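Working notes, structure below.
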Amino acid sequence: MYKEFEFKSNDLAKAVPGVYGDVQDQVNGMKVVGHGFPVKDAVEKVTGSLKYAVDMTVQNMVHGKILRCPHAHARITKIDTSKAEALAGVIGVLTHHDVPQNDWEAAWFNYRGKVLDGVGRFVGDDLAAVAAVSEEVAQRAIELIDVEYEILAAVFDFEEARSPDAPQIRVEGNERDPYIVEWGDTSEGMALADHTVECDIFYHSQQYASIGRNAAIAEWMGDKVTLWTSSQTPTETRDGIHEALGIPLSKIRVMALPAGSSFGQWWSNNFMMIAVLLAKKVRRPVKIELDNEECMSAVKRRHLEKTRGLMGCTADGQLTVAKIDHLIDNGGYGFKDDVGFFCVDMWGKALHGHYAIHGINTNLLTAGCMRGVGDCTLGASVERMCNQLAEKVDMDPVEFRIKNQIKPGDELRMQHSRDNMHHDSVEEYLAAIPEEYRDEWPKPFHLLSGSTEEILRRGAKSFRWAERWNGWGKPSSVDGPRHRAVGVGTGAHVCGVEFEGNASAMVRLNPDGSLKVHCSVGRQGQGSETTQAQVAAEEMGLSLSMVEVETGDTDSCPWSHGSLASNTMFRVGWATREATRDAKRQLLEIAARDMFDNSDPADLAITDGQVHIKGSMSDSVSISEVLNMIRSDTLGQTSSITGRPAVPMPPSTTFARHFGAQFVEVEVDVDTGKIVLLDYLACQDSGTVINPQVLKNQVIGGAICGAGFAIYEHLVFDKETGAIKNANLLDYKLLRAADFPHKAEVLFGDSYDPVGPFGARGAGEAPIAASISAISQAVYNAIGVWVDLPMTPERLIRALGKV
Amino acid sequence: MQSHFEYLRPSSTKEAVQMKIEFGQRAKYWAGGTDMTLRWRREIDRFSHCIDITYLTGLDNIEVEEDCIRIGALVSLSALERADQRHHLLKTLSDVTKLMCTPQTRTLATVGGNLSNASPAADLTPPFIAMDALAEITTEDGIRTVPMDQFFEGVNRTVVGDDLLSAIEIPLPESQHKVVKYHRIDRTIVDIALVNASTSLSADRSRTITRAGVALGAVAPIVIRSPAAERFLEGKSIDSVSESELEKVGEIASEDAKPISDVRASADYRRAMIKVMTARCIKDCIDELGGTIS
Ligand SMILES: Cc1cc2nc3c(=O)[nH]c(=O)nc-3n(C[C@H](O)[C@H](O)[C@H](O)COP(=O)(O)OP(=O)(O)OC[C@H]3O[C@@H](n4cnc5c(N)ncnc54)[C@H](O)[C@@H]3O)c2cc1C
C-alpha cells in the first residue's frame, strides 16, 4: 500500500517515476545542483558588509539592558525603579508588572515560561530591563534599580531535583514524564546475550559559544511590531511573540538576520521578547545587544546529561539488548523530554530495547537543543558500550557497526511515543493517514534510504583502516610517552521534523525571468541562502545568478521549523522544490497554450531560462517573453507567477535519517594527558550533495565542534550558586581551525533519497556525533582506558591514575 | 561601569615617568594594550589617565652584544618571533612567542607588557628568570637594574612602581655556553599556560654545568625558582645526567611548587606536570648543549 521506491545510486542516474521524481532527478547532467558554487554571501562576508543583528540600527532607536538575577533562585518582593528612571538619558524601565503573564514556548521546548514573572530561576536570569539613550546609561540605570528578594531554596543537581522534597522550580514540577521507546522484551534480550556491558556516564554541558553574539531590535508602528534579530527559526520566533503578547500573528513581522554561528543557540530567545515589550512600553525602537558573557551565561547551553544502562550481544556480535535510562537537565526554562534520535534508531538492529529519557529542571542556566542533541551524549554512551561489546567478541569496530546498524527498510522507533502524532498508538496513527497519501508516501516508521554501511566501507578503505587499526586498546605506535592510535565513530540524526507544522515555501517568478524564493530558514553560516537557490534554479531551469532567496522575513516566508533538527535541505528544500515545480507548471501551461500552439505542457522543458520543446532548442522562448506576453495582454492572467507546494510533505521523522562515519588518528601524551588530532576522514551520507563545498564545510565544522566537546569544552558551574565560572572564550576552550588536522578529508556517500529534493537529505548533526565517538575510541585504543568527556589533559591523566 | 580616562602621550621616557609619578595609582601605561583592554573592559583596572608609551622611541630594539642580549620593553611579540636567526637563545624565545596569543595579538603585545602585567602564567617570565635576566628600569633620574627573579611582588604587581620598565638584559657569561628551554601545558592553540616551566643550563669547555636556572610558572602567585633543582644540576657533566636523575630533578622542582586549584587545573595536576616539564626542559637543554642522557 505504501509506495515501493526503486532504490538507486546517484551514479546510476535511473529515473524514479511519480510525484517525487522525474527524469530531471538524475544528478548526472544537472546544471546547478551538485556543483560547488561559492556561497552567495561570500563577498559580503569577507568585506564585512553583511548585516548581522548586532550591526543593525533603525532610526530613533534607543538601547536596552537587562537586569540579571544575582541569586540561584529568588522571588522579587519589591522592585523600586525610581532612581533608575530619574537618571538623565533613561527612557523607561520594564519590570514583570508590565509583562503579560502568558507562557511562551520556544521551538522544540527550548524555553517555556513567562517573559518576566518576578522570579529568578538561575544566576543571570532576566528580571527587568531599561531603555536609555546609550548602552552605558542603560547599564548605569540597571545598577540603580533597587530590588528586594525573597531567597528561595535552589537545586543544581538533576538527580536531587527529582526528589519530591526538592525545591520546585516550575509550577509544572521539576520532572517531565519520561519519554520511553521500547520494543521486544529486554529480559529476553538479556537471556540471549553472551556478553553484557554497563555504563554510568556523566556529560558536562557544552556551550554554543557562538562567535558573533546577537541583538534584537524591536519597533512598533501602531499595534504592529517588527523584530530584527539573528535567528535560525524566523517563523517560530514570530509564534513566540504571538504567545507571549497574545496579539494576532498578522501584526508581527520578524526579520531574521544571519548569525555568526549558532548551533541552536539563536532560535527564539527570551531577550527578543523583552526587546519587543520594552519597545512597546517606551514607544521607541529598542535594541538589546548581548555581550559575550551574556551570550555564554544567560541564554542557553547543552544539557548536563547522564546515561545509565546496559547492552548485550551474542558471541558472534549480534546486539540482543539495549536497556538505557538517560537524564537530561533542562536548567530553569528548558522543557524537553527527549534527546534520543540517534541510538534508538541507528543501533536499531538490537533485538530488544528499552530507552527512557527524563527531562529535569534545575536552578542552572536554561538548557536546550545544541547541534546533535542527544547524539553527542546518549549516542556517545551507546557507541562506547557497543565498542566494549565488540572488544569482548573481538570484532573490528567497522564490522560491528555494519552488522548492527540500521539499513533501508529497517524499523524506526524513535517517534513511536511522540505526543505530536495526536494518536494514542502507532497503529491508530497509521490508520489515520489518508488513502491518497498512502499511495505516494514511503512506509512510515521504516528507514527509506541511506545507512552507515557504504560510508563505513568506503571510508575504511580510503583511511587504510585495516592497516592502521591494531586491535582494541592497542596503540598503533609508541614513541616515548607519545601513543598513536586510530578510531572510528558513527552518528545519525533526523532530517527535520514535522511535529509543529509542515514545511512550506513560496516562489515568485518575476517578469524578467528571475526567481525569488521565500522560505523560512536560518543563515548561521551553513549556506542555506545558496543551497535553497540551487534547488530552485535546477527545478526551474535557471542559472544560479537568476535566483535569490529571502530567508528571514516572516511577512513573505511561509511557516517552517527553520533551520533546526537538520531540517533545512530535506524539508524546506523539498518545499522550495515543490513551490518551484508549481510555478513551473503554471508557466509551462501558459507557454504551451499561448506560445506553443496549445501543445501539451508535459512536452515542454526549460533550459537556461529558455522554454522549449523537449529535446529541441529551436523555437525556444525565454521565460521573460512568456511573462511579458501575458502581462501586456489586457486579458492577461498575471504579471508574475507564484508557486507553493501542492501536496504536504510526508512525515519524514518516520522514514528519513542522515548518517556520518568518521575516522581519526590521535596522538596522546601519556605523561601530560594532551591529545593531538593527527589525521581525519569524515564520511557523510546525506543523499545527493546539493553543493559539495557547502556540505564539506558543514561536515568539517561538525567534526571540529564534536572534537571540542570530546576534548575540552565544558561549562564550569559554581558549586554554591550555580553561576557559570567560565563564561568567556579564555577559559571556555573552543577548538580553532589550527587545532584540527588541516588535511582533514571529506567523503560523501552515494545514496539517493526518493523524497528529498533531487535525492538530498539532512546534513548538520550526524557529523558532530560521529566525531565524538571516533575520538573517544581512538583515545581508548591509544591508552587502553575509557575516559569520560571532556578528555582534558587533566582528566586523561587522572584516568591513567597518574594524579 | 567602565571608567572614563584621559589619554596622555609622552614624548620621552622621562616624561612618561613624570606623568606616572604625577598621577600615581590612577594612571596606567599602555603598551600593546592587549592585557589592558580586557582588564579595563572587565573593570578589573579603573584608571583616570592612560599613558600611551607606544610612540616612545628607542625601546623597540633587540641588541645582541658579546656579553648580553638586550630586548627593549616595547619589542612586540611578533618582532621577538622574527629574531630567531640572531642568537640561539632568541631562537628559543621565538619558539615561546609562537605559543602566545594569536598572530594578530602578537603584533600588538609587547615583551615589557607581558612581564609588567605580572601574570604567574605569563610565558616569557620563566625563561627570563631561568636565564638570570635583569630588568632595566627607567626612573625619573636614571636607571636601576633588578634581577628578574626579584621583579615580581605578586599577581599583577611588580617592583617597577611609578617607574618604567625599559629593557630586559640577558647576560652571556664569558667562555660558557648558555641554553634555555621552555615547556607549557595548554589546551587549544590559543591559551594561557595551565602550568609552565623553563630551565637554562650554562656549560663550560669541560662540559660541566656551571649554572642552572629552573623557573616554574602558574604554581605560585609569582613565577618561582627551584633553587634545590638548580643545585642538583650544577657541577654535573652534561654527559652524566641519567634518566632517573631527570626524573629526580623534576620531583625536586615539583616539591618547590605551591600550586592552587582553579577553573583551569587542579593543584595536583599542576604539581605533577611540573615534574614532567622540568625533566623535559632539562633534557632539551642537554640535547642542545650536545650532551647525552645516560
Ligand atoms: C587573545 C590573547 C591571548 C593571549 N595569550 C597569551 C599567552 O599565550 N601567553 C601570555 O603570556 N600572555 C598572553 N596574553 C596576554 C598579553 O597579550 C601579553 O601579556 C602581552 O605581552 C601584554 O603586552 P601588552 O604590550 O599588550 O601589555 P599592556 O596590556 O599594554 O600592559 C599590560 C600591563 O603592563 C603595564 N605595562 C606595559 N608596559 C610597561 C612598561 N614598559 N613599564 C611598566 N609597565 C608597563 C601596563 O600598564 C599594564 O598594567 C594574551 C592576550 C590575549 C588578548
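The values are calculated or read from the model by the stated rules, or taken from the named source; none is laboratory data. Being a predicted model, the structure only gives us computed values, none of them experimental. As a convention, Cβ positions derive from the backbone with ideal geometry for all residues, glycine included, and neighbour counts pool all protein chains shown. For the accessible areas, the whole protein counts, side chains as well, though only heavy atoms, and no ligand, DNA or RNA atoms are used. Shrake-Rupley method; radii C 1.70, N 1.55, O 1.52, S 1.80 Å.
When you filter the GluC sites (Glu not before Pro) in region B:140-225 for DSSP loop state and at most 12 other Cβ atoms inside 10 Å of their Cβ, you are left with B:Glu140, B:Glu174.
Helix B:13-23 and the longest principal axis of the Cα set of chain B meet at an angle near 70°. Taking a sphere under 9 Å around the Cβ of B:Ile62 and counting the other residues whose Cβ falls inside, with K and R at +1 and D and E at -1, yields a net charge of 0.
Taking chain B as the reference, fit the longest principal axis to its C-alpha atoms, fit the long axis of helix B:243-256 to the helix C-alpha atoms, and give the angle between the two in degrees, 0 to 90, nearest 10. With rounding to tens, the tilt is 40 degrees. Under the membrane-span-like helix rule (DSSP H runs whose alpha carbons stretch at least 20 Å along the helix axis, mean Kyte-Doolittle hydropathy 1.0 or higher), chain A yields A:766-783. Ordering A:Gln532, A:Phe463, A:Val497 by the projection of their Cα atoms onto the charge dipole of region A:418-560, which places +1 on the Cβ of Lys and Arg and -1 on the Cβ of Asp and Glu, puts A:Phe463 at the extreme positive end. Phi-derived couplings, Karplus 6.51 cos²θ - 1.76 cosθ + 1.60 at θ = phi - 60°, listed residue by residue for region B:279-286: 4, 5, 4, 5, 4, 4, 4, 4 Hz, with x used for Gly and Pro.
Give me the aspartates and glutamates in straight-line cross-link reach of B:Lys91: C-alpha distance below 13 Å, same-chain residues under 8 apart excluded. By straight Cα distance, B:Lys91 reaches B:Glu81, B:Glu288.
The angle between the Cα long axis of helix B:88-99 and the main principal axis of chain B comes to about 60°, on a 0 to 90 degree scale.
Highest mean first, how do A:572-581, A:253-262, A:51-60 rank when packing is the count of other Cβ atoms within 10 Å averaged over residues?
Result, highest mean Cβ count within 10 Å first: A:572-581, A:253-262, A:51-60.
Which whole number gives the average, over all residues in B:181-189, of C-beta atoms from other chains lying within 10 Å of the residue C-beta?
What the average comes to for B:181-189 is 5.
Counting only protein chain heavy atoms and rolling a 1.4 Å probe, the accessible areas of A:Glu665, B:Glu66 rank, largest first, as B:Glu66, A:Glu665.
Mean silhouette area of region B:27-185, derived from the convex hull of its C-alpha atoms and averaged over all directions, reads 9.6 nm². Defining a contact as two alpha carbons under 8 Å apart and six or more residues distant in sequence, what relative contact order in percent does chain A show? Relative contact order comes out at 16 percent. Among the listed pairs A:Lys65/A:Lys281; A:Lys40/A:Lys743; A:Lys251/A:Lys281, a Cα-Cα separation exceeding 22 Å is found for A:Lys40/A:Lys743. Near A:Ala141: Cβ cut-off under 9 Å, other residues only, Lys/Arg at +1 and Asp/Glu at -1. The net charge is +1.
Residues whose amide H comes within less than 5 Å of that of B:Thr158, counting only those at least five positions distant or on another chain, are B:Glu153 (H built at 1.01 Å from N in the peptide plane). Over all other residues within a Cβ to Cβ distance under 12 Å of A:Ala432, the charged ones net out to -3, with Lys and Arg as +1 and Asp and Glu as -1. Given in Å, the Rg to one decimal and the Dmax to the nearest whole number for the Cα atoms of region B:6-52 are 10.4, 30. Note on exposure: A:Asp157, A:Asp410 ranked by accessible area (1.4 Å probe, complete protein assembly) read A:Asp157, A:Asp410, with the most exposed listed first.
Restricting the calculation to Cα atoms, region B:108-151 yields a radius of gyration followed by a Dmax of 11.0, 32 Å. Packing here is the average count of other Cβ atoms within 10 Å per residue, and on that basis the peptides B:227-236, A:612-621, highest first, run B:227-236, A:612-621. The mean number of Cβ atoms from other chains found within 10 Å of a Cβ in peptide A:791-799 is 4, as a whole number.
In chain B, the DSSP-assigned H stretches of four residues or longer account for a calculated mean residue ellipticity at 222 nm of -10000 deg cm²/dmol, using -39500 (n - 2.57) per stretch and the full residue count as denominator. Pairs of Cα atoms nearer than 8 Å and 6+ residues apart set the relative contact order; for region B:62-171 it is 29 percent. For the residues A:Tyr437, A:Tyr2, a 1.4 Å probe over the protein chains yields an accessible-area ranking, largest first, of A:Tyr437, A:Tyr2. Geometric descriptor of the protein assembly as shown, per residue, is 193 Å³ (volume of the convex hull of the Cα atoms).
Relative to the Cα centre, the charge distribution of the protein assembly as shown, modelled as +1 at Lys and Arg Cβ and -1 at Asp and Glu Cβ, gives a dipole magnitude of about 1220 debye.
The mean sequence separation of alpha-carbon pairs under 8 Å and at least six residues apart, normalised by the residue count of region B:177-288, gives a relative contact order of 28 percent.
Descending by average beta-carbon neighbour count within 10 Å, the peptides A:723-734, B:53-64, A:37-48 line up as A:723-734, B:53-64, A:37-48, the highest first.
Counting pairs of Cα atoms in region A:227-266, how many percent are more than 17 Å apart? Considering region A:227-266, 29 percent of its Cα-Cα pairs are separated by more than 17 Å.
For the residues of A:134-147, the average number of beta carbons from a partner chain within 10 Å of their own beta carbon is 1. Residue-normalised convex hull volume from the C-alpha trace of region B:177-288: 93 Å³ per residue. A dipole drawn for the protein assembly as shown from +1 and -1 charges on Cβ atoms has a positive end, and of A:Val488, A:Leu588, A:Gly708 the residue lying farthest that way is A:Gly708. With coordinates expressed along the principal axes, the C-alpha atoms belonging to region A:370-484 extend over 66, 29, 26 Å, beginning with the largest.
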